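A.B. asks: This is the structure I have questions about; it appears just below.
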Amino acid sequence: ESTTVAIIGAGPAGLTLANLLRRNGVDCVVLEVRSRAYVENRQRAGILDNHAARIFTEFGLADQVLAGAPVETKLEIRYDGEPRFLDVPALAGDRPSHLVPQQLLVRRLIAALPEGVLRFESLDIALHDLDTPVITYRDTDGVSHELRCAYVAGCDGFHGISRTSIPEGVLTEYTFDHGIGWYTMLADAPAPRYPLMGISPHGFAAQFARGPQSSRFYLQYRPGEEDPRSWPDEYAWQQLRLRLGDNSLPTATFTAREIVEMRSYVAEPMTYAKLHLVGDAAHIITPMGAKGMNLALSDAATLARAITTAVQNKDDSGLRAYSDVCLQRTWNYQEFSRWYTEMVHDITADPFRRKLAKARLDRLFTSPPAAEAFADLMAGTLT
Ligand code: APR
């Protein structure tokens, strides 16, 4: 069997790429190791920035992907209990982000693809000869398959096999441990009026809506020194009340708990022979600023345009530029995410950094150009 583009992985990156390519008339096959149910139920990101929404509009997919999705409103940041509000979409020049839970996005992207494009539960996927690519895999009946293609898109996330198929010595890897942990909890507690972040001497906390009567809570912890999994629920609620400055929070049952340790990673270049890495396969970013999924979608759009021009016009300039274009955007967002992370967590750092973090926050509320620059990054850069 052969196809033009073999896409490894059916996360937000792979599914978006498949949809964009098909809209441009380029055929592709998506190989995913997990089941459709697993992929459709994975809860992760939830914010589609304004730039990502424009990508779906550009490719004529906005109705299918964005229908009914609410847009973001203001953001509330409470410093030591003192509320401050930022109208991020207005500051960005009326460019709101959309609130789209990843499960919904993934389901819609799957539904928009025709039968046969998606191959769930493809096992033992291996990439051979990346100059004239051949991909081998097994289906659930144990039958072996061979897929030939002109291009491979490695969309299989941070732990996938695409990046590790690149010969040793080719990639330069950059890793950074931010030394910050988040304990996140889901609870049936009324949603806050606006997405809420609290900065207090006890650390960072947040509360985001997950439905009218449901909230996801976040508490900063010190990895290596503290283990929030051993915290009694009552202690977590007490910390949330303290850090969010909200004594009215009920002591509800946590229906899910998770631990997130903030790390960043970038692999350069994002291209090797006919393999192009897309999304988390090439880079991971801290959640502050919500750029992880949006970066993946931007990579997918850059690659879809480049492959389309290569296939239809025999012009591979876009493919040659792919890695540089995506890496420039990636580093821009890595810097933004780090900047934002420090601003809301460094109250727990040494006194000098604590003061810097406060100055950074104050600037957003005293300097309109600074607030606009922040909002511009939240909306997403246009490249
Ligand atoms: N073979 C095939 N598929 C694989 C393999 C493999 N060896 N390894 C992983 N996969 C699949 C995973 O099961 C998953 O469905 O690849 C997909 C990768 O998806 P993600 O990890 O979500 O990565 P990506 O699509 O780049 O998503 C980017 O979306 O959820 C947000 O914040 C998240 O930053 C992330 C962003």
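A.B. asks: Of these, M343, M288, which one is farther than 28 Å from A6 by Cα, without any contact (Cβ under 8 Å) to a residue 60 or more places away in the chain and within 13 Å of the ligand (Cβ to nearest atom)?
C.D. replies: Sole residue among the options that is farther than 28 Å from A6 by Cα, without any contact (Cβ under 8 Å) to a residue 60 or more places away in the chain and within 13 Å of the ligand (Cβ to nearest atom): M288.
A.B. asks: Is it the case that T175 is out of contact with any helix residue (DSSP H, G or I) (no Cβ under 6 Å at 6 or more places or on another chain), at pLDDT 95 or above and more than 22 Å from L327 (Cβ to Cβ)?
C.D. replies: no
A.B. asks: Quick check: anything in region 285-295 part of a helix (DSSP H, G or I) and over 30 Å from R78 (Cα atoms)?
C.D. replies: No, region 285-295 contains no residue that is part of a helix (DSSP H, G or I) and over 30 Å from R78 (Cα atoms).
A.B. asks: To continue, here is another question. Just checking: which of the strands (runs of 3 or more DSSP E) contained wholly in region 153-209 hold 1 or more residues that are of a type in the set (D, E, K, R)? Can you show your working first?
C.D. replies: Values: elements: 172-187, 196-200, 203-209.
Output list reads 172-187.
A.B. asks: For region 2-46, what are the residues that are under 16 Å from the mean Cα position of the chain (by Cα), among the small types (G, A, S) and more than 6 Å from the ligand (Cβ to nearest atom)?
C.D. replies: G46
A.B. asks: Among the candidates A53, A45, A69, which residue alone is in a loop (DSSP other than H, G, I, E, B), touching a strand residue (DSSP E or B) at 6+ places or on another chain (Cβ under 7 Å) and aliphatic (A, V, I, L, M)?
C.D. replies: A69
A.B. asks: Using beta carbons and a limit of 6 Å, which pairs, at least six apart or on different chains, have the first residue in region 159-177 and in contact (Cβ under 8 Å) with a residue 40 or more places away in the chain and the second one assigned to a helix (DSSP H, G or I)?
C.D. replies: G160/A281; S162/A281; R163/A281
A.B. asks: Which residue pairs have Cβ atoms under 8 Å apart, sit 6 or more places apart or on different chains, and have a first residue in region 24-35 that is hydrophobic (A, V, I, L, M, F, W, C) and modelled with pLDDT of 95 or more and a second that is more than 16 Å from the ligand (Cβ to nearest atom) and in a strand (DSSP E or B)?
C.D. replies: Cβ pairs passing all conditions: V26/T4; C28/T4.
The values are calculated or read from the model by the stated rules, or taken from the named source; none is laboratory data. Please read all numbers here as calculations on a predicted model, not as lab measurements. Cβ atoms come from the backbone with ideal geometry, glycine included; neighbour counts cover every protein chain shown.
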